[in-house]
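A quick write-up on the structure given underneath.
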Amino acid sequence: MPVTLPLPLRKLTVPSIGRRRVTTQVVATTTALCAGFGLLAAGADSDNETIKNVAATAPTQAATDAPADEQQAHSHDPAVWDPNKPAADNQPVAFPFPPPPPPRPTTVRPVDAVVSSGFGPRWGANHFGIDFAGQQGVPIRSVTDGVVIEAGPATGFGLWVRVQQDDGTVGVYGHMQDILAHVGQPVKAGDVIATVGSRGQSTGPHLHYEVHQPGVGKIDPMPWFAGRGLDVMNFPG
């Protein structure tokens, strides 16, 4: 609003006889000036408050005028965090993960073949292992984790591989066609170390497997396998 300011005060030289009247006029003029500034400030605050109210209510009015389906889409958008929803509704989406792989076996069948001969007396002599009647060239696997301690020619076996097994015993594999491991090689249960053959004193392709226990000697592999949870007599093939 327009404000009319009083004219600048002039220094007046008046007789001493009228000095009281002039002082009264100056005080009155100053009071009027202050009142004018007060009205101006009040008017400015009033206008600002009106502007603030309009600015605050404008978005709300615009949101009210939006189509209903548009309001619905905005209020239920899962990508936008909504402070009015319960905390559970604002949690991130959980993505399914594949299940962990099954634990690796610690004992495996050395070859996919049936047991054709067991431990003990046979043909007038002792048979110190078990035979698996496999086909020529079929992979031979390490029965347990361990380290290859010998691989090469052997009397009676033609070729053999000896593995220091995870329980301290030694596994002996004989009559193989090809050796696929070397001395000092660490192996895990199921690693291929050779192929089935018929070298040495053999009547046909097969794997001869023995278990040597320290301080005892050659033991029957059947109960040793059973103690590790494997029934070698049960072969579906």
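Per residue, the convex hull around the alpha carbon atoms of the range 108-174 comes to 108 Å³. Close amide H pairs (under 5 Å, H built 1.01 Å from N) link A194 with I140, L180, residues at least 5 positions away or on another chain. Hey, what did the range 104-237 get for relative contact order, percent, Cα under 8 Å, at least 6 apart? Value for the range 104-237: 28 percent. The alpha carbon centroids of the range 164-230 and the range 140-155 are separated by 6 Å. Coupling constants for the range 160-169 follow from the phi torsions by the Karplus curve (6.51 cos²θ - 1.76 cosθ + 1.60, θ = phi - 60°), and in residue order they are 9, 9, 10, 10, 6, 8, 5, 9, x, 6 Hz; glycine and proline get x. For the pair H182 and I149, label points projected 7 Å from Cα toward Cβ lie 2.1 nm apart. Over the range 87-211, the fraction of Cα-Cα pairs per 10 Å bin, rounded to whole percents and listed from the shortest bin up, is 13, 40, 25, 7, 5, 5, 4, 1, 0. Annotation: amide H of H127 within the under-5 Å range of G120, R122, sequence separation 5 or more or interchain, hydrogens built in the peptide plane. With an a/c value under 1.5 for the gyration tensor axes a ≥ b ≥ c computed over the alpha-carbon atoms, the range 140-237 is described as rounded.
A simple spin-label model places pseudo-atoms 7 Å from Cα toward Cβ; at S117 and V216 they are separated by 2.3 nm. Net charge in the neighbourhood of H182 (other residues with Cβ under 13 Å of its Cβ; Lys, Arg +1, Asp, Glu -1) is -2. Residues in the range 165-237 average 48 Å² of solvent-accessible surface per residue, probe 1.4 Å, ligands and nucleic acids excluded. Each peptide among 195-202, 217-224, 98-105, 160-167 gets the average number of other Cβ atoms lying within 10 Å of its residues, and from highest to lowest they stand as 160-167, 195-202, 217-224, 98-105. Positive contributions from Lys and Arg (+1) and negative ones from Asp and Glu (-1), summed over other residues with Cβ under 14 Å from the Cβ of E150, come out at 0.
Residues whose amide H comes within less than 5 Å of that of K218, counting only those at least five positions distant or on another chain, are Q213 (H built at 1.01 Å from N in the peptide plane). Its Cα centre serving as origin, the range 90-231 has a Cβ charge dipole (Lys and Arg +1, Asp and Glu -1) of approximately 60 debye.
The values are calculated or read from the model by the stated rules, or taken from the named source; none is laboratory data. This structure is a prediction, so every number in the text was calculated from the model and none was measured. So basically every Cβ, Gly included, is an ideal-geometry build from the backbone, and we count neighbours across all protein chains shown. Protein only, heavy atoms only, side chains kept; ligands, DNA and RNA dropped before computing areas. Shrake-Rupley method; radii C 1.70, N 1.55, O 1.52, S 1.80 Å.
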